[in-house]
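Comments concern the structure below.
Readers should treat all values here as calculations from the given coordinates under stated rules, not as data from a laboratory. Keep in mind that this is a model prediction, so the values were computed, not measured. Here Cβ is always computed from backbone atoms with ideal geometry, including for glycine, and neighbour counts include all displayed protein chains.
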Amino acid sequence: MQVIDRKDNPLLNRVEIRFVWDHPNSPTPDLSQMVSAAAKVEPGSKEELIFIKDVSTRFGMPRTTGLALVYSTEEAS
């Protein structure tokens, strides 16, 4: 997982991470793999407070893009 853009959103108590994941010779990563990778990228985050959106894989290309929303508290999510 490669981070393309990281944006703090203090109004919503979250960090928005736009990512690209290259996966040659393997299937598209599933949701749990994306959540785990986002947790590793953002220190101090909890996997239960990470939501993945806008996942897109182009046909025939081993590249997936998406947006990870990492919330700081359960109330914010």
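In summary, S45 fulfils each of the numbered conditions (1) part of a strand (DSSP E or B); (2) touching a residue at least 12 places away in the same chain (Cβ under 8 Å) with the single exception of condition (1). Of everything in the stretch 41-58 that is of a type in the set (K, R) and loosely packed, with under 10 Cβ neighbours inside 10 Å, the residue that is nearest to F19 (Cα to Cα) is K53. Pairs are defined by a Cβ separation below 7 Å, a sequence spacing of at least 6 or placement on different chains, a first member in the stretch 10-30 that is free of Cβ contacts under 8 Å to residues at least 40 places away in the same chain and surrounded by 13 or more Cβ atoms within 10 Å (Cβ to Cβ), and a second member that is assigned to a loop (DSSP other than H, G, I, E, B) and not basic (K, R); the pairs so defined are P29/H23.
Contact map, the stretch 49-77: residues that are on the phi > 0 side of the Ramachandran plot and assigned to a loop (DSSP other than H, G, I, E, B) paired with residues that are acidic (D, E) and surrounded by 10 or more Cβ atoms within 10 Å (Cβ to Cβ), Cβ distance under 7 Å, separation 6+ or inter-chain. No pairs are found.
Tell me, yes or no, whether the stretch 13-28 has at least one residue that is aromatic (F, W, Y) and in contact with a Pro (Cβ under 7 Å, 6 or more places away or on another chain). Spell out how you get there, then give the answer.
Taking the stretch 13-28 first, the residues aromatic (F, W, Y) are 19, 21.
Retained after the next criterion (residues that are in contact with a Pro (Cβ under 7 Å, 6 or more places away or on another chain)): 21.
So far as the stretch 13-28 goes, yes, one or more of its residues are aromatic (F, W, Y) and in contact with a Pro (Cβ under 7 Å, 6 or more places away or on another chain).
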